[in-house]
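To keep things clear, I will list the structure first and then write my remarks on it.
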Amino acid sequence: MAHPASPRSLRTREAILRAARVRFAAEGYQRATIRAIAAGASIDPSMVMRYFGSKEQLFDAALDVDLGLPDLTGTDPERLPQTLVAHFLAPWEDDSDEGSLRLLLRCAATNERAAEHLRHMLHEQFTSSLTGVLGHERAAAGSGLLAAQLLGVAFTRYVLRLRPIADLSVPALAELVAPSMRTALALHVPSPL
C-alpha cells in the first residue's frame, strides 16, 4: 500500500518540476542536464533521479498538463466560443513562470515526444470537454481545428507577446476570436479540391 507523500516531499517534487520546466524551455531536452536542473531546485542530482527515475520520465512529468477544461454540457451555444476561450486561456494566465504550458508549446516545435504529448492532450481534453455539447463524433472531429485556433492565440499572446493580442483582457480576446471559434464549432469543413 502506497503511503501519501509528505508535504516536504511534495515541495521537493514541485521544486524539481519548476526547475526542469525552466531548463527544458531554455535549453531544450537534449541540452538540459540533470545536474543543472538539480542546481535550479537547490538539491543534489541524485534526488532528481530518486523522484523521477530518469531524464525522460522527468521530461514527461514536466509536460503533463491539465488544461482544466470543464464539461461544457448545458453551455448556451451562443456563448460557447467565449466560454471555451476563457477556460482554455485561464491556465495560461496563471502560467507566468515558464511552466508546463509554455514549455509544451516551445518543445513541441522541436521535439517529437513533446509534439505527440501535445497532440494527445489537446485531442483528449477538447473532446472530453465538448462531447456533451457537440456529441462525441463532432467533438473528436473538431478538436484539431479548435486546437489550431486556440494554440495560435496562445502562441501569439504568451510566447510572441504580440500586441494588441497580448494586451487584451481575456474576455475582450474571447469576444474577438468568438466568430472564428463559432465557425470551428459548427465544423463546416470545406470539401477537398
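Nothing in this text is a laboratory measurement; each read-out follows from the coordinates by a stated rule. Predicted, not measured: the structure shown is a model, and the values here were computed from it. So basically every Cβ, Gly included, is an ideal-geometry build from the backbone, and we count neighbours across all protein chains shown.
Below is a table of values for the structure above.
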quantity	calculated
Global form of the chain, assessed from the alpha-carbon gyration tensor, a/c cut-off 1.5	prolate
Region 7-58 pair-distance distribution - Cα-Cα, 5 Å bins, rounded %	4, 24, 37, 25, 8, 2, 0
Rounded to the nearest 20 debye, dipole of the chain from Cβ charges on Lys, Arg, Asp, Glu	620 debye
Label-to-label distance, nm, for residues given as LEU162 and THR183 (7 Å Cα→Cβ offset)	1.6 nm
Kirkwood Rh in Å, taken over region 119-160 so that all alpha-carbon pairs contribute	10.5 Å
Dipole axis of the chain (+1 Lys, Arg; -1 Asp, Glu on Cβ), positive-most option in LEU58, THR127, VAL48	VAL48
Estimated [θ] at 222 nm from DSSP helical runs (n ≥ 4, -39500 (n - 2.57)) normalised by residues in the chain, nearest 500	-22500 deg cm²/dmol
